[in-house]
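Novice: To start, I am sharing the structure in question, which I have written as structure tokens.
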Amino acid sequence: MIRKIVSNGRIGVAIGALEAAVALDIPRGGWTLSGDDAVDRPLIENYHLQELSTRSLAKCVERNVRDSDGTLIITFSDDLPDDAMCARKSADKHHIPCLRINLARSGKFEAAQSIHEWLKDREIRIIHVVGATHQGRGKKAGKTTADLLEAVYYLGLIENNMTSVSDISSSHPEAPPTSVDDIVSRISTDMTLKDRVIMANLKESQLPLLEQTLGRYILTQLEHWQKMFGGAFSPVGLEAGIKGNEEVCRRVIGKLWEKLRRTHRLRMVK
């Protein structure tokens, strides 16, 4: 998973990547051109950027590529900006993994999954991010990039640290749950403190990330209760409007998140 984010701090994708690092409170940095008008000068210190004594964008980008485990290129069209073209050439030259995500052809959740799998498969910890720098779309590109990288970070965190997903035991095997709130109570009781804090710090838009971890566990539990208690337990009878196990799963995740947001929304201690 991501341990550090590197970029040149230029408007758009690069600055959005650094904003994600600030929001996640993880290491950040990178090389930026001395006197580059596309970089917000007052924020250089906050982003931990270093100025490179060159006017060559290609050399600056190459330095960031070499200082990272992999380069992520984020665009919003089929066109590649100068930064991205330089990054791709440098990555090829130094045999460093490179992934391009075109958000004009991919949804954010699909993109987050693709980036997560790429980071995991290539064992990338320090990621260099570069991409769209168009002045007119700079703020939107930055915000979208920040949201995307935060989702990728939490996806890795969930997969690595949701230890309770496979280990939660049936706390009350003698009786089936009688409501969605009952299921929420059983799961939250058995979750580790670390897992509760992770989930509490997710944004609502990131809850689908839990479907492949906590969601699988909930579905398995529902099937277990159905086999154990037969007609005494019916998921569709837990709450009005429920049509099946997957709907129960979504409601449990949503209510569990709401509960933990009230009790465990803290800054993660690393």
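Novice: If I ask for residues that are open to solvent by 30 Å² or more (accessible area, probe 1.4 Å) and of a type outside the set (Lys, Arg), which ones from segment 55-80 would you list?
Specialist: Ser56, Leu57, Ala58, Glu62, Asp67, Asp69, Phe76, Ser77, Asp78, Asp79, Leu80
Novice: Here's something else I'd like to know. What is the residue count in segment 1-20 for residues that are part of a helix (DSSP H, G or I) and either without any contact (Cβ under 8 Å) to a residue 24 or more places away in the chain or under 15 Å from Gly70 (Cα atoms) (or both)? Steps first, please.
Specialist: Start the filter on segment 1-20 by keeping residues that are part of a helix (DSSP H, G or I), which leaves 13-20.
If we keep only those that are either without any contact (Cβ under 8 Å) to a residue 24 or more places away in the chain or under 15 Å from Gly70 (Cα atoms) (or both) as well, we get 14, 17.
Of the residues in segment 1-20, 2 are part of a helix (DSSP H, G or I) and either without any contact (Cβ under 8 Å) to a residue 24 or more places away in the chain or under 15 Å from Gly70 (Cα atoms) (or both).
Novice: Do the conditions hold for Ile183, that is, is it open to solvent by less than 20 Å² (accessible area, probe 1.4 Å), modelled with pLDDT of 85 or more and in contact with a Cys (Cβ under 6 Å, 6 or more places away or on another chain)?
Specialist: Here the answer is no, as Ile183 does not meet what is asked.
Results for (1) of a type in the set (Ser, Thr, Tyr); (2) open to solvent by less than 30 Å² (accessible area, probe 1.4 Å); (3) over 24 Å from Ala111 (Cα atoms); (4) out of contact with any Gly (no Cβ under 9 Å at 6 or more places or on another chain), shown as yes or no for each residue.
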residue: Arg196; (1), (2), (3), (4): no, no, yes, yes
residue: Thr220; (1), (2), (3), (4): yes, no, yes, yes
residue: Gln226; (1), (2), (3), (4): no, no, yes, yes
residue: Phe233; (1), (2), (3), (4): no, yes, yes, yes
residue: Gly237; (1), (2), (3), (4): no, no, yes, yes
residue: Lys255; (1), (2), (3), (4): no, no, yes, yes
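Novice: From the list Glu239, Glu258, exactly one residue is at pLDDT 90 or above, closer than 30 Å to Ile26 by Cβ and out of contact with any Pro (no Cβ under 9 Å at 6 or more places or on another chain). Which is it?
Specialist: Checking each option against the conditions leaves just Glu258.
Novice: Here are Ile158, Ile127, Ile168: which of them is aliphatic (A, V, I, L, M) and either modelled with pLDDT under 75 or open to solvent by 50 Å² or more (accessible area, probe 1.4 Å) (or both)?
Specialist: Testing whether each residue is aliphatic (A, V, I, L, M) and either modelled with pLDDT under 75 or open to solvent by 50 Å² or more (accessible area, probe 1.4 Å) (or both) leaves just Ile168.
Novice: Can you tell me which of (1) part of a loop (DSSP other than H, G, I, E, B); (2) more than 18 Å from the chain's Cα centre (by Cα) is the one Ser106 doesn't meet?
Specialist: Exception for Ser106: condition (2).
Novice: Do we find a residue being modelled with pLDDT under 85, of a type outside the set (Asp, Glu) and closer than 21 Å to Val65 by Cβ anywhere in segment 134-152? Walk me through how you get there before you give the answer.
Specialist: Filtering segment 134-152 down to residues modelled with pLDDT under 85 leaves 134-139.
Next, from what is left, pick out any that are of a type outside the set (Asp, Glu): 134-139.
From what's left, closer than 21 Å to Val65 by Cβ: none.
The answer is no; no qualifying residue exists.
Novice: So Asp92 clears everything in (1) assigned to a helix (DSSP H, G or I); (2) modelled with pLDDT of 90 or more; (3) surrounded by 15 or more Cβ atoms within 10 Å (Cβ to Cβ) except one condition, right? Which one?
Specialist: Exception for Asp92: condition (3).
Novice: Let me ask another. Which of the helices (runs of 4 or more DSSP H) contained wholly in segment 173-270 include at least 3 residues that are acidic (Asp, Glu)?
Specialist: Helices (runs of 4 or more DSSP H) meeting the threshold: 180-190, 245-264.
Novice: Turning to a different aspect of this structure: Give me the residue from segment 33-50 that is at pLDDT 90 or above and assigned to a strand (DSSP E or B) and, out of that set, surrounded by the fewest Cβ atoms within 10 Å (Cβ to Cβ). Explain how you work it out, then say what you get.
Specialist: Taking segment 33-50 as the starting set, the residues that turn out to be at pLDDT 90 or above are 47-50.
Next, only the ones that are assigned to a strand (DSSP E or B) stay: 49-50.
Numbers: Leu49: 22, Gln50: 11.
Here the answer is Gln50.
Novice: So, in segment 103-115, of the ones that are at pLDDT 90 or above and open to solvent by 20 Å² or more (accessible area, probe 1.4 Å), which residue ends up nearest to Ser77 (Cα to Cα)?
Specialist: Here the residue is Ala104.
The values are calculated or read from the model by the stated rules, or taken from the named source; none is laboratory data. A quick note: this is a predicted structure, and the numbers were derived from the prediction, not measured. Here Cβ is always computed from backbone atoms with ideal geometry, including for glycine, and neighbour counts include all displayed protein chains. What goes into the accessible areas is simple: the full protein's heavy atoms, side chains included, and nothing from ligands, DNA or RNA. Shrake-Rupley method; radii C 1.70, N 1.55, O 1.52, S 1.80 Å.
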